[in-house]
């Protein structure tokens, strides 16, 4: 399988996860009601059943009494879909847009401290916090594979992450730093006017 095809397959897996996560953030009352029914019908840990019942009740009451609060989860859903759309860049040009993949990896890592800080404040059980953190752990796996494949593609094509040619031995040639002093007064004035 061609390298670009493999990158796109892994991107599809990651983007599908984001889209499913986004779309399932819209019908939360219905979903938690369905989950509660399933858990009550079969063998399930008591703590899980009690927690899902509590979440469903909370969502139902706020949906009935304060429906505008669900607008927050609508934005959560939208954010997942927009983040998924950002991965169109690596789909089109993986080497030039590897930064999107790296940004996604940073986001996956950031899930863990967010969950560890916010979950106790919001009175979520520890085991649910672990489930939340697993999204970051699972999400980073395809991104690590994608990044490795993009680096290999970069070496094979001789194009660096910035779109330039690689130097001898597959290394990015050193580029001189551009300092404000190097620009000169005229160029600096033009920048300020723009």
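Among (1) part of a helix (DSSP H, G or I); (2) in contact with a strand residue (DSSP E or B) (Cβ under 8 Å, 6 or more places away or on another chain), which single condition is residue 95 missing?
Unmet for residue 95, out of (1) part of a helix (DSSP H, G or I); (2) in contact with a strand residue (DSSP E or B) (Cβ under 8 Å, 6 or more places away or on another chain): (1).
Hey, can you tell me all the residues within segment 119-152 that are more than 26 Å from residue 13 (Cβ to Cβ), out of contact with any helix residue (DSSP H, G or I) (no Cβ under 9 Å at 6 or more places or on another chain) and in a helix (DSSP H, G or I)? Let's see the steps before the verdict.
Taking segment 119-152 first, the residues more than 26 Å from residue 13 (Cβ to Cβ) are 119-127.
Filter again for out of contact with any helix residue (DSSP H, G or I) (no Cβ under 9 Å at 6 or more places or on another chain), leaving 121-123.
Hit for segment 119-152 is 121, nothing else.
Residue 113 - would you say it is outside any helix (DSSP H, G or I) and at pLDDT 95 or above? Lay out the reasoning, then the answer.
On the way: outside any helix (DSSP H, G or I): no; at pLDDT 95 or above: yes.
Here the answer is no, as residue 113 does not meet what is asked.
The values are calculated or read from the model by the stated rules, or taken from the named source; none is laboratory data. Computed from a prediction, not measured in an experiment: that's the story for all the values here. Positions of Cβ are backbone-derived with ideal geometry, glycine not excepted, and every protein chain shown enters the neighbour counts.
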